[in-house]
Amino acid sequence: MIKIMADSTCDLSDEVLEKYDISLAPLTINIDGKTYKDRIDIQPDDFYGMMEALAEFPTTGMPSPAEYLKIINEAVEDGIKEILCICMSSGTSGSYHSAILAKDYFYEESPESNVKIHVVDSKCMSHGSGWLVLKSAMMREQGATFDEIVAFNEKYKKKIKHFLSVDDLDHLIKSGRLTNASAFIGKILMLKPIMSMKDGKGAIVGKERGLKRVLKHYTQEFMKRNNKEMTDFIIIGYTSDIKVAENLKARIQLETEFSGDIYIMQMGVSVGTHVGLGAISMFFVEK
């Protein structure tokens, strides 16, 4: 049996985590002087409900090595010999390095252990790393070996296409993703920035005027970029408005030839802290 683990920014639904026995190391979120563990002490809907009334901009912290080590030790105690840990991009967080420290500590404490542990720097964010986690779990269920799953992650992690658009530009400014000047122009022209990942970091790759154009952009770019052989499912993410995600799903089903599964999943508190209310995202494998 192969154990699959990740940090909480993978944003996979509770149903998926339970179905595939995926364990999460939680990030921490500091909100008005209080510290919460993502998806343990605070849930997305609770956070988004209080977001507009917060006195200070929330901040996030990476999982500690102890959080990863706890999952590793529990897996080993259950007799598992192969452990795959998929982390958010090292270009945006210290989560990957924290997992590496946990791995190194495990081998220091158990030098004779024959347990295999591989930590993936996914170069992804949110459901981008979540896509890899879910695909890995599906491959495991289909009988793939540990080495095959590791090889898949390392080969395709830079091919997971991210699209993210936000409703509130101020959150991107505060998280360092957008300049004040770009935000001012965007507000005046009602432009919504569209972000993706480049070299493991977030980058603005387009701007559209209004939500309808954003969804059209997503759909058209999907048709141009999608790797038909590798994209057997799509993940659509949202923070506070599931109707927008459902709209995008309907567009893809009506306007493209894609016939695989389309998952709609809410972005968690850690990601939501930086993208704000009204965010909409989409993830698949590009050519």
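Derivation of every value follows stated rules applied to the coordinates shown; laboratory data play no part. All of these numbers come straight from a predicted model, not from anything done at the bench. Note: ideal-geometry Cβ built from the backbone for every residue, glycine included; neighbour counts use all protein chains shown.
Quick rundown of the values:
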| item | result |
| --- | --- |
| Whole-Hz couplings from phi, Karplus 6.51/-1.76/1.60, listed for region 105-112; x for Gly and Pro | 5, 4, 5, 5, 7, 9, x, 8 |
| DSSP-loop GluC sites (Glu not before Pro) across region 200-250, with at most 10 other Cβ within 10 angstrom | E229 |
| Amide H partners (placed H, <5 Å) of I194, local residues excluded | V205, G206, K207, E208 |
| Cut-off under 5 Å, modelled amide H: who pairs with F163 long-range | M282 |
| Student exercise, region 89-146 dipole from Lys, Arg, Asp, Glu Cβ charges, in Debye to nearest 20 | 340 debye |
| Entries of K19/K201; K158/K212; K135/K249 with Cα pairs more than 22 Å apart | K19/K201; K158/K212 |
| Fluctuation leader among K158, K103, K224 - the chain, Gaussian network, Cα springs under 10 angstrom | K224 |
| L254-K19 FRET efficiency (beta carbon distance; Förster radius 35 Å; 0.05 resolution) | 0.80 |
| Helix 180-189 axis, angle to the chain major axis (alpha carbon atoms, nearest 10°) | 50 degrees |
| 5 angstrom amide H check on I117, placed H, neighbours 5+ away | I83 |
| Loop-located GluC sites (Glu not before Pro) in region 44-132 whose Cβ has at most 16 other Cβ within 10 Å (DSSP) | E56, E112 |
| Of S136, L17, F152, farthest towards positive along the dipole that unit charges on Lys, Arg, Asp, Glu beta carbons give region 2-157 | F152 |
| Gyration tensor (alpha-carbon) shape descriptor, region 202-268, a/c threshold 1.5 | rounded |
| Three-way shape label, the chain, alpha-carbon gyration tensor, a/c 1.5 | oblate |
| The chain: calculated mean residue ellipticity at 222 nm from DSSP helix runs of at least 4, using -39500 (n - 2.57) | -12500 deg cm²/dmol |
| Extension gain, E56 back to D232 (0.36 nm per residue minus Cα-Cα distance, nm) | 59.3 nm |
| Selected from N153, N30, N73 as most flexible by GNM, with the chain as the system and alpha-carbon contacts under 10 Å | N73 |
| For region 1-77: rounded, prolate or oblate by the Cα gyration tensor [a/c cutoff 1.5] | oblate |
| Of M125, M267, M223, the one that fluctuates the most in a GNM where the chain has Cα springs shorter than 10 Å | M223 |
| Given charges at beta-carbon only (K, R positive; D, E negative), |dipole| of the chain in Debye | 1580 debye |
| From phi via Karplus (6.51, -1.76, 1.60), per-residue ³J(HN,Hα) for region 147-156 in Hz, x at Gly/Pro | 5, 5, 5, 4, 4, 4, 4, 5, 7, 9 |
| Karplus-derived HN-Hα couplings along region 71-85 (A = 6.51, B = -1.76, C = 1.60, θ = phi - 60°), whole Hz, x at Gly and Pro | 5, 4, 5, 5, 5, 5, 4, 7, x, 7, 10, 9, 10, 10, 10 |
